[in-house]
Amino acid sequence: MPNPKEILNKARLDWAHNWLKTPKKFYAGGSFLAPQGKTTWKVVNPSSEEVLCEVPVANEADVNVIVKAAGDAFQAGCWPESTRRFRREALIRIGNLIREHAEELATLESLCNGKLFSESLIDDVPESADVFDYYAGWIDKLYGDTVPVDPGFINYTRKEPVGVCALIVPWNFPLLLACWKIAPALAMGNTVIVKPSEYTPLSILRLCEIIHEKANLPRGVFNVVMGDAETGRLISEHPGIHKVSFTGSTVVGKKVLMGAAQSNLKTVTLELGGKSPNILFADLPDLEAAIERSCTAMFSHKGEKCSEPTRILIEDSIYDKVVAALGERANRIKLGDAFEEGVDQGPQAHQAHFKKVLDYIEIGKKEGAKLVCGGVSEQPNKKGFFVRPTIFSEVKPEMRIAQEEIFGPVLVAIRFKTEEEAIRIANQTPYGLAAGLWTSDLSRAHRVAAKLDSGMVFVNRYGCYDFASPFGGFKQSGWGKEMAIHSLDAYTKTKSVWIKL
Ligand code: NAD
């Protein structure tokens, strides 16, 4: 007899498969729009390789219509000039709607991304809701300045919305990363166009329906366009868009920047790739806890997290012990369908990415790194993009597997002897998103944290996040910060007003 959990799972999937049958459309000006072009994209379940549904890919005409809808809504002023209470209540309503529909959203997320249903339901969806509450609270708390200029004048600043904001997001946290942008952009009175990744548009499409039915937003404030790289290019270059907030790869981030520069010099914020170091000094307070956390931070969400600690730098005296323990821990990870009970890791999000991860594993072998565990594709059902958690040891800092972002469950272990060497290796990649260090020495913790060229540093616990704390990288990991007041700055422009007395 099926257990209650299986019955619940089946009900969720039945609901999703029915929903998938409904036609998928763009959303602009408060209406669902049929595409003008004929190109579609097949959304695939990476656990089974089955096609879930087809979504339209926006062409230039579609993008023009959607941008116009967002522009008209901004110009009409029904959102930027609405009362703070109106906007605050709308944001809180959206957060509550996400909570109400959490199971649906998590099901769709896991179906097309492959992350565990529990990861979607427990990590991603609640945070997606909470970020609306957080930014609803900011709406009446962002002040301009009174500026101490010479007598005879008053000078003050005003924080004004930027206008039409295009929010381009990747496939690894499709709903969450979109909400990280939607909430502050709306809070500050902008109108938005969300472009989810072509691989994972489902949760945003469902959110769009929910917002349409229940959020009572003025028409044209929230818009959604589906599409591929070409659609992204059209957005980056569109003169009717005033801001692009982009999260994705460094290569594409540079293209977005070029598109913005060559069109209307729209402002751009970029959250890009990473190759984050995680330094284990021999004097760390709790070796077991450090190994456990390093493993979880690395392999959860199947290693598809921008800030995950993909380079573990281990002091010589504990190197062999730590590598053996990491290997033992990684070998216990069970792979399987995102909805299966007892599974620890789902498949990589899509086929091209799966192949890229496997290619990097081959590169690592050829470069002479030692394979501790994994190193193979695992296909429990002969289908699906499964890669076993993989650890390479005796990795040299200059190897490609230690320099380039793999974005899958592949960890490289590098040996160091001194603090200076650890810092040098840690900083020796083009990226600078996050870094971790583990030590009992308080002075060393501060000393090393200051020297790491990374936007976020975690001491004695890798991976701490809070809406109140800035998120974002240095070097080629990004431009600008998200979260806290930083996102509000990103979606406002500051006007200086002078009055002669
Ligand atoms: P990607 O750069 O391929 O795509 C991201 C988005 O950009 C997608 O919506 C895609 O359709 C669109 N796009 C593709 N080509 C474009 C173009 N020429 N112009 C405009 N838009 C275009 O990234 P991905 O493979 O979806 O995601 C993985 C990457 O995202 C990794 O590099 C990862 O590190 C990064 N990432 C960074 C953060 C962060 O906060 N720093 C968070 C999550 C993911």
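The values are calculated or read from the model by the stated rules, or taken from the named source; none is laboratory data. For clarity, every value in this text was computed on a predicted model and none was experimentally measured. FYI the Cβ positions are ideal-geometry reconstructions off the backbone, even for glycines, and counts take in every protein chain you see. Only protein heavy atoms, including side chains, enter the accessible area calculation; ligands, DNA and RNA are left aside. Shrake-Rupley method; radii C 1.70, N 1.55, O 1.52, S 1.80 Å.
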**Fill in**
Residue separation between Val376 and Val51 times 0.36 nm, minus their alpha-carbon distance, gives in nm 114.5 nm
**Complete:** Quick shape summary for the chain, equivalent ellipsoid via Cα gyration tensor, semi-axes whole Å in descending order, reads 38, 30, 20
**Prompt:** Can you give me the pair-distance distribution of segment 354-437, C-alpha pairs, 10 Å bins, whole percents?
**Reply:** 17, 47, 28, 7, 1
**Fill in**
In whole percent, the fraction of accessible protein surface over the chain that belongs to carbon or sulfur atoms, probe radius 1.4 Å, stands at 55
**Asked** Want the number for Phe153 to Ala289: 0.36 nm per residue separation, take away the alpha-carbon distance, what's left?
**Response** 43.0 nm
**log10 of Debye I(q)/I(0), alpha-carbon scatterers only, for segment 277-466 at 0.18 Å⁻¹** = -1.19
**Request:** Mind ranking 85-92, 274-281 by how tightly packed they are, going by the mean number of other C-beta atoms within 10 angstrom, highest first?
**Result:** 274-281, 85-92
**Item:** Theoretical ellipticity at 222 nm over the chain - DSSP helices of four or more residues, -39500 (n - 2.57) apiece, nearest 500
**Value:** -12500 deg cm²/dmol
**Prompt:** Under a 1.4 Å probe, what is the accessible area of the chain per residue, stated in Å²?
**Reply:** 41
**Request:** Estimate the FRET efficiency between Asn216 and Tyr465 by the formula 1/(1 + (r/R0)^6), using the beta-carbon distance for r and 30 Å for R0, to the nearest 0.05.
**Result:** 0.45
**Item:** Binned Cα-Cα distance frequencies in segment 93-187 - 5 Å width, integer %
**Value:** 3, 12, 19, 17, 14, 10, 7, 6, 4, 3, 3, 2, 1
**Message:** Going by average Cβ density within 10 Å per residue, which order do the peptides 146-159, 487-500 take, highest to lowest?
**Reply:** 487-500, 146-159
**Prompt:** Gain in length, Asp344 to Ala61, computed as 0.36 nm per residue apart minus the alpha-carbon separation, to one decimal in nm?
**Reply:** 97.5 nm
**Message:** At R0 = 51 Å, how high is the FRET efficiency between Glu100 and Gln36 if r is their beta carbon distance? Nearest 0.05 is fine.
**Reply:** 0.95
**Request:** Select from Ser118, Ile204, Asn155 the residue farthest towards the positive end of the dipole of segment 96-238; place +1 on Cβ of Lys and Arg, -1 on Cβ of Asp and Glu, and compute about the Cα centre.
**Result:** Asn155
**Fill in**
Quick P(r) readout (segment 312-403; Cα-Cα; 10 Å bins; whole %) gives 16, 43, 32, 9, 0
**Complete:** In debye to the nearest 20, the charge dipole size for segment 277-466, taken about the Cα centre with +1 at each Lys and Arg Cβ and -1 at each Asp and Glu Cβ, equals 440
**Complete:** By the DSSP-based rule, helices of the chain that are at least 30 Å long along the axis (C-alpha) and have a mean Kyte score of at least 0.5 are none
**Message:** Given all pairs of different Cα atoms, what value in angstroms does the Kirkwood hydrodynamic radius of segment 395-501 take?
**Reply:** 16.2
**Request:** Treat each spin label as a single point 7 Å out from the Cα along the C-beta direction, and report the Glu160 to Thr83 distance in nm.
**Result:** 2.4
**Request:** Largest first and to the nearest Å, give the Cα extent of segment 1-125 along each principal axis.
**Result:** 59, 40, 20
**Item:** Spacing of the two label points (7 Å from each Cα toward its C-beta) at Lys254 and Glu421, in nm
**Value:** 3.2
**Request:** First select every other residue whose beta carbon is under 13 angstrom from the beta carbon of Glu160; then total the charges, Lys and Arg +1, Asp and Glu -1.
**Result:** +3
**Message:** At 7 Å along Cα-to-Cβ for each site, give me the label-to-label distance between Asp359 and Asp72 in nm.
**Reply:** 4.4
**Message:** Treating segment 327-376 as a set of equal point scatterers at the Cα positions, no solvent, please give the Debye-formula log₁₀ I(q)/I(0) at q = 0.18, 0.19, 0.21 Å⁻¹.
**Reply:** -0.71, -0.77, -0.89
**Fill in**
Protection proxy (average C-beta count within 10 Å per residue), highest first, orders 118-126, 220-228 as 220-228, 118-126
**Asked** Hey, got the dipole for the chain? About the Cα centre, +1 on K and R Cβ, -1 on D and E Cβ, debye to the nearest 20?
**Response** 1020
**Fill in**
Surpassing 23 Å at the alpha-carbon level, of the pairs Lys159/Lys254; Lys254/Lys356; Lys195/Lys266; Lys321/Lys370; Lys195/Lys334, are Lys159/Lys254; Lys195/Lys334
